[in-house]
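K.L.:
Dropping a structure here in structure tokens format, bear with me for questions.
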Amino acid sequence: MSTTRDFGQEGFLWFIGTVEDRNDPLKLGRVRVRIMNVHGNSREHPTDTLPWAVIMNSVHSASTNVREEQPGTEDHWWKTGVAPVGLNIRSTVVGFFLDGTERNQPVVMGTINGIPDNWPYPFEDGKGPPRNHDVPEEAREINTVPKTIVRDITNIEEDIIYEPITAYKAKYPYNKVTKTERGHVFEVDDTPDNERVHQFIRGGAYDELATIVYEVDNRRFLATRRIEKTTDNKHEVDLVDRTVWVGRDEIHRVQNNRTDSVGNNVTQSIGNNVTQSIGNNEVRTIANNQTETIKGNVLITVEGNYDLNVTGNVTINGKRIDLNP
């Protein structure tokens, strides 16, 4: 919109309003705001007649294009910054008018939290927000992230499911929470001695890093515990190498089948014993030779029949050979 006024020459004319439309056809993050003491109710000024308000981003958002030079090919342009799409319908916002008293070019600077009693300009259906707290529960010492969803899945044996309890012990005002309209939760919790970073995805998956405090001989030690959970398939792709180091024990529990496919060699070094318990059959196929070196004794107990089929020769060397001693 054009204006006959010089920006900023008439002082700072600010406003408070409520968002009624966020479907910006230009996809710039603009919203239509019903501004208090300016637009009246929806009958006087329908939503589609309200001006589009642009969003003021913080200095942490570049809000521009950056060119990446790529020798030998066309340069790439990156759209950098934070997308200004965090507002919802009925968000209470504060802003100012670029065009002063003409009041046609609003800019939204931020939002205001509260516990609303009523809707200042009700929609035509008369519905307004319930009397409810605008701040996410997780920031107010209320943990709403579900413990588990896997219990509802059939064919899962209860005795093999082990899901540690979340380390949530947040105290106000230390937990910085971002919660979206569809239930995704991102927490950065600075509660003393209970610091956490937690992300929860709608559908039940989450990833939590939590500080654990140990006290030994009046000395405090800090460690970090991690819980990672998915409620459906999980895929990891490493295009080069992977190194895993486990300082103590490692447990794998697979409820159904497991398939390992190795394109080249497998080398195992085991410092002590190997114990295997196979509930049914074992089938092994070796395409070429097998060599075993046992530096102690061998004991084989077969409670059924033992068949040995050799298409070539059999050579047995021993200091003494006893058959049915």
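The values are calculated or read from the model by the stated rules, or taken from the named source; none is laboratory data. Just so it is clear, the structure is predicted and the values come from calculations on it, not from any experiment. All Cβ positions, glycine included, derive from the backbone under ideal geometry; neighbour counts span all protein chains shown.
K.L.:
Write out, first by first residue and then by second, each pair whose Cβ atoms fall under 9 Å of each other, whose residues are 6+ apart or on separate chains, and whose first residue, in segment 294-312, is on the phi < 0 side of the Ramachandran plot while the second is of a type in the set (Phe, Trp, Tyr).
P.N.:
ILE300/TYR306
K.L.:
Let me ask something additional. In segment 33-44, is there at least one residue being in a strand (DSSP E or B), of a type in the set (Val, Ile, Thr), at pLDDT 90 or above and in contact with a Pro (Cβ under 9 Å, 6 or more places away or on another chain)?
P.N.:
Yes, some residue in segment 33-44 is in a strand (DSSP E or B), of a type in the set (Val, Ile, Thr), at pLDDT 90 or above and in contact with a Pro (Cβ under 9 Å, 6 or more places away or on another chain).
One line per residue, one yes/no per condition, for (1) surrounded by fewer than 14 Cβ atoms within 10 Å (Cβ to Cβ); (2) under 20 Å from the mean Cα position of the chain (by Cα); (3) modelled with pLDDT of 85 or more; (4) not small (Gly, Ala, Ser):
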residue: PRO130; (1), (2), (3), (4): yes, no, no, yes
residue: ASN143; (1), (2), (3), (4): no, yes, yes, yes
residue: GLU163; (1), (2), (3), (4): yes, yes, no, yes
residue: LYS169; (1), (2), (3), (4): no, yes, yes, yes
residue: TYR174; (1), (2), (3), (4): no, no, yes, yes
residue: GLU187; (1), (2), (3), (4): no, yes, yes, yes
residue: ILE201; (1), (2), (3), (4): no, yes, yes, yes
residue: ALA205; (1), (2), (3), (4): no, yes, yes, no
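K.L.:
When segment 77-87 is examined, which residues are found to be in contact with a strand residue (DSSP E or B) (Cβ under 7 Å, 6 or more places away or on another chain) and either at pLDDT 90 or above or aliphatic (A, V, I, L, M) (or both)?
P.N.:
Selection gives PRO84, LEU87.
K.L.:
Taking segment 203-226 on its own, how many of its residues are within 15 Å of PHE186 (Cα to Cα) and in contact (Cβ under 8 Å) with a residue 40 or more places away in the chain?
P.N.:
5
K.L.:
Out of the residues in segment 299-325 meeting the condition of being closer than 21 Å to ASN281 by Cβ and among the charged types (D, E, K, R), tell me which one is surrounded by the most Cβ atoms within 10 Å (Cβ to Cβ).
P.N.:
Here the residue is ASP307.
K.L.:
Against the definition (exposed (fewer than 10 other Cβ atoms within 10 Å of the Cβ), hydroxyl-bearing (Ser, Thr, Tyr) and at pLDDT below 95), how does THR154 come out, yes or no?
P.N.:
Taking the combined requirement at face value, the residue satisfies it.
K.L.:
Among GLU102, GLU74, which is in the same structural domain as THR18 (by TED's automatic domain parsing) and either modelled with pLDDT of 80 or more or surrounded by 12 or more Cβ atoms within 10 Å (Cβ to Cβ) (or both)?
P.N.:
GLU102
K.L.:
Which one of ASP238, ASP193 is surrounded by 10 or more Cβ atoms within 10 Å (Cβ to Cβ) and assigned to a loop (DSSP other than H, G, I, E, B)?
P.N.:
Selected residue: ASP193, the only one of ASP238, ASP193 that is surrounded by 10 or more Cβ atoms within 10 Å (Cβ to Cβ) and assigned to a loop (DSSP other than H, G, I, E, B).
K.L.:
Continuing with the same structure: Looking at ARG284, ARG225, ARG253, ARG258 in this structure, which one is loosely packed, with under 10 Cβ neighbours inside 10 Å, of a type in the set (Lys, Arg) and closer than 28 Å to HIS198 by Cα?
P.N.:
ARG253
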